[in-house]
Amino acid sequence: SSGLYRVNLDDNSVKRFHHDSKDSQSLSANSITDISKDSDGTLWVSTYHNGLNRLNADGSFTRYTANSPLDNSGPSINHILQIVEDEQWMLWLAAYGGGINLFDPHSETFTHIHHDPKSNHSISSDLAWILFIDSKENLWVGTQSAGLNVLTKEKRQQNVFEFKHLDVKDGMKSRTAYGISEDGEGNIWFSSNKGISRYSSLSQ
């Protein structure tokens, strides 16, 4: 809740970047949730209250904030929890209350991916917590109280947003996933409020 800090490891100096209501090129909010450096070396900073930020070379920020649900110039909601880059240099955003977003940094456009109660293949909830891309380049999405979602590499690259769902019926101890990781054998591990679980690659 205090903004972004850059530490110079050579001299231990610290520079703070913070929100300034009088400066539209300052950080959009001080509630930092994630920091991610993309393949071009650009730093992206997400906030819980006011969207996504790109740190520019001159120290200013370009802000991307939610406008209307049909406006693809901003995210679906301003509560962004995580940023992940895929092999196509696209950014995936976990948007709490807004599903997940696909952001193209070059065209600066967002694709909003929401839960659809009429579809069995949509993301299971708009309360997305965590994102992970595994060694097979499948996208995993952990949610609050709605299990795990898997979007295969093939469907992701075709922009077909049809998800496989994993839930307590598949052996999950909890429907909430906080963290996701992968071991050397391709097993997926995830943490929850009821301990740690493993999804075996043999069942994929």
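Below, the figures for the structure above:
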quantity	calculated
Check on Trp129, open to solvent by less than 20 Å² (accessible area, probe 1.4 Å) and more than 27 Å from Lys15 (Cβ to Cβ)	no
Residue count, the stretch 142-173 (criterion: in a strand (DSSP E or B) and in contact with a Gly (Cβ under 9 Å, 6 or more places away or on another chain))	5
Every residue from the stretch 36-59 that is in contact with a Phe, Trp or Tyr (Cβ under 9 Å, 6 or more places away or on another chain), polar (S, T, N, Q) and either at pLDDT below 95 or surrounded by fewer than 19 Cβ atoms within 10 Å (Cβ to Cβ) (or both)	Ser36, Ser39
Among the candidates Glu185, Glu137, residue that is assigned to a loop (DSSP other than H, G, I, E, B), under 30 Å from Thr62 (Cβ atoms) and open to solvent by 20 Å² or more (accessible area, probe 1.4 Å)	Glu137
Subset tally (residues that are closer than 16 Å to Asp134 by Cα and either of a type in the set (Lys, Arg) or touching an Asp or Glu at 6+ places or on another chain (Cβ under 7 Å) (or both)) for the stretch 165-204	5
Matching residues in the stretch 103-118 - criterion: being open to solvent by less than 40 Å² (accessible area, probe 1.4 Å) and either free of Cβ contacts under 8 Å to residues at least 24 places away in the same chain or of a type in the set (Asp, Glu) (or both)	Asp104
In the stretch 60-89, residue surrounded by the most Cβ atoms within 10 Å (Cβ to Cβ) [restricted to those that are within 23 Å of Leu4 (Cβ to Cβ) and aliphatic (A, V, I, L, M)]	Ile80
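Results for (1) among the hydrophobic types (A, V, I, L, M, F, W, C); (2) part of a strand (DSSP E or B); (3) touching a residue at least 24 places away in the same chain (Cβ under 8 Å), shown as yes or no for each residue.
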position: Ser2; (1), (2), (3): no, no, yes
position: Asp11; (1), (2), (3): no, no, no
position: Lys15; (1), (2), (3): no, yes, no
position: Ser24; (1), (2), (3): no, no, yes
position: Asn30; (1), (2), (3): no, no, yes
position: Asp34; (1), (2), (3): no, yes, yes
position: Ser39; (1), (2), (3): no, no, yes
position: Arg63; (1), (2), (3): no, yes, yes
position: Asn67; (1), (2), (3): no, no, no
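The values are calculated or read from the model by the stated rules, or taken from the named source; none is laboratory data. Computed from a predicted structure; not experimentally measured. Positions of Cβ are generated from backbone atoms using ideal geometry, with glycine treated the same way; all protein chains shown enter the neighbour counts. Surface accessibility is based on the protein's heavy atoms, side chains included, excluding ligands, DNA and RNA. Shrake-Rupley method; radii C 1.70, N 1.55, O 1.52, S 1.80 Å.
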